[in-house]
Each structure stands twice: as C-alpha cells, then as structure tokens.
Amino acid sequence: MNAVKTFVAALAVAASSASLAADLLIKGGTVHTMDQTGTLENTDLLISDGVIADIGQDLAAPAGAKVIDAKGRPVTPALFAGVSVIGLSEVELEASSVDSAIKGLAAPYMRPEFDVATAYNPHSSLVPITRVEGYGFTLLGATAGDSIIAGQGRVVRLDGGYSSFVGDEVLFVVLGSSGSELAGGSRAAQWMQLEQAVAEAERAPRDGEPVLLTRQGRETLKRFRRGGTVVFKVNRASDIIQTIGFAQRHGFRAVIDGGAEAWMVAEQLATAGVPVLLDPLVNLPGSFDSLGARLDNAALLHAAGVEIGFSGAESHNARKTRQLAGNAVAHGLPWEAGLAAMTASPSAIFGVDNGRLRTGATADVVIWSGDPMEVTTAADVVVIGGEEDSMISRQTQLRDRYLPESPALPRAYIKP
C-alpha cells in the first residue's frame, strides 16, 4: 500500500511539474508595455509559471531558464484579433462547420440567451493559424441569424484550451441595413422591436400576449441592463446617435462595431464614453450606411477622445489586422495609438487583463522582426501563457509538405 501511495504521489508531482511552463528570459528587447511605463529600450522580460515575473534591465536568468536574445527587436503583448468566429466557423460555405448564428429556430422570438461560447472549438485550424501571426485573444461574436439580437459571445485567449474565456459575456445586436430584413424592413422597426424587448425584460407577459422573448431571454436581457456590454453592429451616423440614446436610456454599456461614419458623430461618442471597433480600410460608399466612410476615421475618432480598437479583417484573415492598423497610422493616427488599438484598448473595452506587459500579467508576448504594423514584418517568437509557441499551423504544414526548398523535379511532379 505504501508503494502505491508513493507511486500516486510521484505521478501527481510529475503532472504538476508538467503543467508549469519553464522559465523564459527575453533579453534586450524594445518592450512596448502598453501600460503606464510606456516603451522601454534594451529591456529584459522574465516569465515564470506562465506570468510576467519581472521587467527591467540586466535581469539574471534563473537556473534552467531558456534565454532568448531579442536584439533590440520590438516586444509587444499578443494582439487582439477583433470580433471573430475563430473556433466557431471552419469553412463558411459548409453549414455544418458554422456555429455562430441561429437560423430557423428563433422565430418568432429574439434569443439573447443564445451563447456561442458553448460551441467554441479550441482545436479549430484557425486558432494556431491566427496565433503564429502574433495574436493572443479575440472576441467570439454571435452573427446575424433570425433576429437583430444575435446572441452572446466572450473574449477567448487563443491558447488552445477548453476554458480560456476571460471577462463577462457580451451581447451582440445587428442594426442598420444589415438588420433591416430581420425587423420588418425598416430601421424604425428595429428600434420598435428593441424597445419592446426591453419592456418585456422588465415584466412577465400577460396570458396570450404576443412576445419577442422567452423567459430565459427576458432574464438575459434584464441582466445586461445592469451595465452589461452590448456590441452594436452599426455604421450610419444617424443610427449611431440612436444607439447611444438607446443604451443610455436602458443601462447598456454600448460598443460600436463598424462605425464607418463614426467620425461624423465623434463628439457625441466621446461624451457618452462609447468606444468604436472599426476597419480603417472602409473608405468607399459600399452601401447607404457608409456614404461618409473615409480613411482617416480612426485618426479623427482618436483626436476626439474616442477609445478605438480594430476589427474587420474577418476570422480567416484575422492576421491582417496589423495591416488595418498600419493604414490607420498612415492616415494620421499616432503610431502608439495604433498599437494600443490592437492591445490595451480592446482589453479595456471588454474588461480583461490581456494586452499589457506588466508584472503579474499572463505572459502573452510577441517578439517581432520589425515594426508590427509593416506588412513585411513577421512574428519571430510567440509566447502564450508563458509557453513558447511551436509556430506550426495547418498552413505551415501544407507549405512544408508541398513546397520543398530544393526539389529534384519541377513542382508539378512532386509527390507527398
């Protein structure tokens, strides 16, 4: 019996040791903390047990620690991949692999209780594809299905874990022309339905009364009325003004997703403290919701004091968010604000602790080959939760399989 107990204890110790990441010391980097300490030249960063243990110069490496010489390269927090369906959608044209929307079930109800986080697959090929490009977290979003209230999502860390969600649930509402067909074909009908839904959340319906919400839906919406975060997919300036007023009347903490014409109402957004997640490449009148779109949208919002983040590269191309930021900087946004919009700002918007390098924070860190907002720059080293990433994804595996560096035959003749 004693031998069995000893064996079991040894297994427990081994499992515990295996679960802890080895110490890692990044030396001599240009560390962009995205915190009060700002940018630190020739600075070391010590990672222990999955968190940042120390930041400073000439730090000593603990026994057994791996040392990486950053050689002055930029060191940043892992980036925000925007609002996405990473882990919820594998092939968009294959319905069985898409879990981000309700279709054919909700009518005649709105279903705010629908939560896409329960369908998240951390083994989706999109997770490592996005991670090796330097991205560490994303906001899983419910997309438009049967109702303008699309459902709930959450911020998730891209560490490949089953329980990697951080922060509170976020509700998604689709407005403007994108949601008109779901609400009787009119923007006015959208607000009519939302006002009715809010009223239902505050009282049980009478017998036989037509309703928009189930009992669970009423409870969900009532909970969000106590300061819960609601992401409104909206672009037209007049719709944004309506959104601000609706959120203020009913106790929602509004975030604008899209905001093609947000610059036109920047003052109102700043006064209301409503942040905007935008795509800086939207500059053409692609719809009647974006007639006022312009390339300096991000710069104008930042100058007005609006907190901004970047989103819009879409899930299968989330790695291109850096290009969005680079274009925003090219059109007047300060460089530091561009980096903040991919790190600290989305963290602040959604109340999570990602996006900053500071002592005690989870070690989600990237060493870049150059300016993170240049298209020729690559993520040289990615550390998620204190673990150095293998930098292997389905794309790199396909590259290595089908593109040998020195083939004996032309590519058409190469076999696996």
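Bear in mind that the values in this text are calculations on the coordinates, not laboratory data. Computed from a predicted structure; not experimentally measured. Reconstructed Cβ throughout: ideal geometry from the backbone, glycine too, with neighbour counts over all protein chains shown.
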Can you give the helix-only mean residue ellipticity at 222 nm for the chain, where every DSSP H stretch with n ≥ 4 adds -39500 (n - 2.57) and the sum goes over all residues, rounded to the nearest 500 deg cm²/dmol?
-> -8000 deg cm²/dmol
Gain upon complete extension [Lys103, Arg225; 0.36 nm per residue less C-alpha separation] | 41.4 nm
So for Val329, Val156, fewest C-beta neighbours within 10 Å to most, what's the order?
-> Val329, Val156
Residue of Gly28, Gly227, Gly386 that the Gaussian network model of the chain assigns the largest fluctuation, springs spanning Cα pairs under 10 Å = Gly227
Only Cα pairs under 8 Å and at least 6 apart count here; give the relative contact order of the chain as a rounded whole percent.
-> 17
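Arranged by the count of other C-beta atoms within 10 angstrom, fewest first, what order do Tyr109, Tyr402, Tyr135 take?
Fewest-to-most ranking of Tyr109, Tyr402, Tyr135: Tyr402, Tyr109, Tyr135.
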Mind ranking 313-325, 358-370, 241-253 by how tightly packed they are, going by the mean number of other C-beta atoms within 10 angstrom, highest first?
-> 313-325, 358-370, 241-253
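Pairs of lysines 8 or more apart, or on different chains, with alpha carbons under 26 Å: count those in the chain, would you?
Taking the Cα cut-off of 26 Å, the pair count is 7.
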Given the C-alpha centroids of region 44-94 and region 101-148, what is the distance between them in whole angstrom?
-> 25
